[in-house]
Structures are given as C-alpha cells and as structure tokens.
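The values are calculated or read from the model by the stated rules, or taken from the named source; none is laboratory data. Predicted, not measured: the structure shown is a model, and the values here were computed from it. Positions of Cβ are generated from backbone atoms using ideal geometry, with glycine treated the same way; all protein chains shown enter the neighbour counts. For accessibility, only protein heavy atoms count, side chains too; no ligands or nucleic acids. Shrake-Rupley method; radii C 1.70, N 1.55, O 1.52, S 1.80 Å.
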Amino acid sequence: MFQALVLEQNEDKSVRHSIQSLDESALPDGDVRIAVEYSTINYKDGLAITGSAPVVRKFPMVPGVDLAGKVIESANPGFQAGDMVVHNGWGVGEGHWGGLAQQARLKGDWLVKLPSAFSTRQAMAIGTAGYTSMLCVQALEKAGVTPDKGDVIVTGAAGGVGSVAIALLAKRGYRVIASTGRASEADYLKSLGAAEIIDRTELSEKGRALGKERWAGGVDAVGSHTLANILSQISYGGAVAACGLAQGGDLPASVYPFILRGISLLGIDSVMAPRAAREAAWAALAQELDTSKLDEMTREVSLSEAPAVAAEIMQGRVRGRVVVNTNR
Ligand code: NDP
C-alpha cells in the first residue's frame with residue numbers, strides 16, 4: 001500500500017482532494033514502477049488541484065506533472081530496478097496518474113535518468129518550471145541573443161520559471177532585469193542574479209504598438225499585455241521565449257516589432273518536448289545551475305500540505321519553487 005493525493009470530481013464539476021492509501025494494483029498501465037521520493041507543485045498542478053481550469057482529463061486522478069525517485073521494477077530495456085529517474089510532463093497528472101504519491105507507474109520512454117549532479121529533491125526543486133526555464137534560455141541563445149547584445153528581461157520573476165531563469169541567465173553572463181509585482185522580493189531576486197528590478201505594472205497595461213528598444217531578449221511566463229509590451233520593446237533582431245500565461249492567455253500585440261525590427265517570438269513547450277531536448281536541457285542544468293541558489297529558492301512540504309500550496313500558487317504567492325516530500 002502507498003499514500004497518494006487523489007483528486008475526484010463533484011457533481012457540480014468542482015474538484016475535491018484527499019490523501020488515500022492505495023494498492024499497487026490501482027496504478028495505471030506502464031512499464032516502469034517508481035518509488036517516488038519527491039514531487040513538486042507547478043502552476044499546472046495548482047490549476048489541477050484547485051480545479052481552476054479543466055487540466056485533469058479523467059477522475060480519479062493523482063496530480064503531479066513531475067516526479068523523481070527510484071525504479072522498483074521495469075519491463076523497459078532502458079531502465080532497471082535501482083535506477084534514479086526524473087519525469088516531467090507528457091500529460092502525467094492530467095490524463096495519467098502523476099507524482100504526488102509514494103508510487104507511480106509510467107512509460108519508460110517518458111523518463112530521463114537523474115543527472116548525478118542532483119539529488120531527487122534538487123531535481124524536483126528544478127521540476128518542470130526550471131527545466132522549462134532552461135528550454136527558454138537555450139532557445140534565446142539559438143536565436144542569437146547572447147550576453148553582449150544587451151539586457152534581458154524575465155517576467156513573473158519571483159515565481160518558479162522566473163526564479164530559475166534569472167539564475168541561469170545570470171550564470172551565462174546576461175544582465176538580467178526582473179519584472180515582479182512583489183517589491184518585497186527585490187533582495188531575493190538580486191541574490192539569484194538580477195541586476196535590476198522593475199515593477200510589473202510597467203508592462204501589464206495596454207501599451208504602444210512599437211516602444212523604445214529596451215531588451216535584447218526576454219523570458220516571459222506571463223503572456224497577455226506583458227508579452228505584447230515586451231515584444232514592442234525588443235531591440236533589433238532580438239527574441240522572446242514565451243512559456244506562460246500567469247497574466248492571461250491572450251496576446252494583444254501588433255506586427256510592427258516583427259516587420260520593422262525583425263524580432264522573433266519563440267514558443268516554448270516542455271510537456272511534449274522530445275526526449276533529446278529534455279536530455280540536453282537536464283545536462284545543461286546539471287552543468288550550469290548553482291545548487292546553492294536552487295536551495296535558496298526552494299521550500300519543502302509534505303503530501304498533505306500540497307493542496308494548500310496549490311491554492312497559494314494560483315494566487316501568485318509562491319516564491320520560487322516548492323518540493324513535495326512524498327514520504328513526510
Ligand atoms: P508561478 O506561480 O510560480 O509564477 C508565476 C508568476 O507570475 C508569479 O509568481 C508572479 O510573479 C507572476 N504573476 C502572477 N499573476 C500575474 C498577473 N496577473 N500579472 C502579471 N504577473 C503575474 O508559476 P510558474 O513559474 O511555475 O509558471 C509560470 C507560467 O509558466 C504559468 O503560466 C505556467 O503554466 C507556465 N509554464 C509553462 C510551461 C511550458 O511548457 N510552456 C512549463 C512550466 C510552466 P511576480 O510575483 O514576480 O510578479
């Protein structure tokens with residue numbers, strides 16, 4: 001038997017959660033069974049657990065898009081009992097039981113071997129949010145946004161994607177400007193490597209079609225007017241990696257910065273990213289991410305505390321990353 005956070009749907013379509021003791025036979029199909037050591041709460045987990053958006057496609061569901069742990073048994077030739085593994089995305093926690101449990105059964109093809117640089121706790125401190133930050137940084141560099149080109153802006157800075165993006169960009173030598181609604185987190189953001197902090201209200205209202213060139217590039221976790229304003233302020237030939245929608249899923253932008261400044265909008269998806277891209281991102285994280293900065297941005301909670309964190313993340317109140325110790 002193992003403990004799991006289980007989501008069930010009420011008649012009015014709202015979602016209720018409980019910690020349940022489940023038998024291994026209840027686990028979904030898959031060729032690798034894992035003893036989960038840590039999971040995490042990402043924004044999408046917040047949506048699922050609070051029922052704020054129809055993220056969960058079938059009930060009952062064990063949420064948790066991420067997990068890290070040890071293989072108990074495997075029928076997949078790529079993994080054997082005792083291997084340490086990480087999982088991110090692939091619709092897990094949405095259509096297939098996820099990581100907020102002491103055990104999971106998944107497809108081996110979804111798994112990545114845990115880089116030796118990280119403990120399972122650190123891998124979950126990174127989680128989908130941090131691995132997505134690396135995908136954003138890699139996309140910017142591929143688009144030619146190098147540190148010598150000028151300042152780079154990170155929105156949703158005090159959140160999970162933003163915090164890791166700041167640390168990664170600063171480590172690569174970029175001058176990072178952090179946009180946040182939480183002025184009280186200025187010291188935290190500077191400790192991660194931000195050179196300057198701006199108030200997010202500078203970017204969150206309807207702005208001009210073409211603004212003054214301010215940024216060589218950007219990592220945007222926020223969408224809506226914020227992304228539109230950043231695009232209008234990107235300098236000639238620059239690029240923005242767009243991965244999130246914390247402000248909104250709309251994009252009220254104009255074509256002017258694209259056709260007059262040749263800028264690029266780079267869409268970033270971590271969920272269905274191919275295995276090679278995942279492995280490259282995790283390998284780069286293992287090389288570049290300063291684990292003392294990671295520890296600084298991470299808080300640990302138990303499985304039973306996870307729903308409260310889900311509510312917090314929906315209110316934009318989580319700082320950095322939260323890991324869930326499934327055995328606590
Ligand atoms: P967090 O909740 O940790 O961070 C989001 C941050 O956005 C908040 O901390 C806050 O930062 C800012 N924010 C919140 N509400 C608003 C608002 N109304 N207007 C402007 N800014 C706001 O979430 P994550 O960092 O985990 O995820 C960020 C986004 O990225 C989410 O939309 C998520 O769905 C998406 N995502 C996408 C992935 C992909 O594959 N494309 C993968 C992972 C995440 P502050 O307080 O500093 O202003």
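Could you list, in sequence order, all residues of the range 99-154 that are of a type in the set (D, E, K, R) and in contact (Cβ under 8 Å) with a residue 60 or more places away in the chain? Listed by number, the residues that qualify are R105, K107, D109, R121, K149, D151. Exactly one residue among L231, L168, L203 is away from the ligand (no atom under 15 Å from the Cβ), open to solvent by less than 50 Å² (accessible area, probe 1.4 Å) and outside any loop (DSSP other than H, G, I, E, B), and that residue is L231. Checked against the criteria, V240 counts as under 20 Å from the mean Cα position of the chain (by Cα), over 20 Å from M314 (Cα atoms) and in the same structural domain as L169 (by TED's automatic domain parsing).
Any residue that is hydroxyl-bearing (S, T, Y) and buried (at least 18 other Cβ atoms within 10 Å of the Cβ) - is there at least one of those in the range 9-32? There is no residue in the range 9-32 that is hydroxyl-bearing (S, T, Y) and buried (at least 18 other Cβ atoms within 10 Å of the Cβ). Residues of the range 294-308 being part of a helix (DSSP H, G or I) and either of a type in the set (A, V, I, L, M) or open to solvent by less than 50 Å² (accessible area, probe 1.4 Å) (or both), which ones? L294, L303, A306, P307, A308 - these are the residues of the range 294-308 that are part of a helix (DSSP H, G or I) and either of a type in the set (A, V, I, L, M) or open to solvent by less than 50 Å² (accessible area, probe 1.4 Å) (or both).
Within the range 175-189, being more than 8 Å from the ligand (Cβ to nearest atom) and touching a residue at least 40 places away in the same chain (Cβ under 8 Å) holds for one residue alone: Y188. Checked against (1) open to solvent by less than 30 Å² (accessible area, probe 1.4 Å); (2) in contact (Cβ under 8 Å) with a residue 60 or more places away in the chain; (3) more than 24 Å from A139 (Cα to Cα), D220 meets all criteria but (3).
Rundown of residues vs (1) in a helix (DSSP H, G or I); (2) within 15 Å of the ligand (Cβ to nearest atom); (3) at positive phi, yes/no style:
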site: A273; (1), (2), (3): no, yes, no
site: A277; (1), (2), (3): yes, yes, no
site: L285; (1), (2), (3): yes, yes, no
site: S292; (1), (2), (3): yes, no, no
site: A310; (1), (2), (3): yes, yes, no
site: I313; (1), (2), (3): yes, yes, no
site: G316; (1), (2), (3): no, yes, yes
site: N327; (1), (2), (3): no, no, no
